[in-house]
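Participant: One structure follows; several queries about it will come next.
Any read-out appearing in this document is the output of simple, stated calculations on the displayed coordinates, not a laboratory observation. Remember, it's a predicted structure, so these values are computed and weren't measured experimentally. All Cβ positions, glycine included, derive from the backbone under ideal geometry; neighbour counts span all protein chains shown.
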Amino acid sequence: MLSEKDEKNRERRIQAAALQYDQSQHETPIVIAKGSGTVAEKIIALAKEHDIPLQRDPELLQVLMKLEINQEIPENVFHAVAEILAMIYKANRKQAEKNR
């Protein structure tokens, strides 16, 4: 069992945010989940369970953690998110070709 101090430190170390992009509903990706500690662990576990690619970007994460759930990402992080989306699209294409 973790002490209260250890638990607070753990909450600060582990963070995660999840984005969703549906062109028919939003102009830019939105934050659909975010959290620290146990919540972050659940976000990561769900992503892995559903084969959703994970990306480590501490600077982008800092920005995303300040946003509200269902809030569109701000213009200053478009480039970083576009790179992540490109990586995901490329991985999806490779997987689709592999499954043929």
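Participant: When only C-alpha pairs under 8 Å and at least 6 residues apart count, what is the relative contact order of segment 4-98, in percent? Can you show the working numbers first?
Facilitator: Values: 95 pairs, mean separation 24.5, N = 95.
In percent, rounded to a whole number, it is 26.
Participant: Now for a separate question. Using the 10 angstrom Cβ neighbour count as an exposure proxy, how do 26, 79 rank, fewest first? Working shown, then result.
Facilitator: Working: 26 13, 79 9.
Neighbour counts put them in this order, fewest first: 79, 26.
Participant: Assuming 0.692 mPa s and 37 °C, estimate D for segment 4-98 with Stokes-Einstein, Rh taken as the Kirkwood radius over Cα pairs, in µm²/s. Please list the in-between numbers first.
Facilitator: On the way: Rh = 14.3 Å.
In µm²/s, the coefficient rounds to 229.
Participant: For segment 14-57, compute Rh as the Kirkwood radius over C-alpha pairs and then the Stokes-Einstein diffusion coefficient at 10 °C and 1.306 mPa s; write the answer in µm²/s, rounded to an integer. Can you show the working numbers first?
Facilitator: Values: Rh = 11.1 Å.
Rounded to a whole number, D works out at 143 µm²/s.
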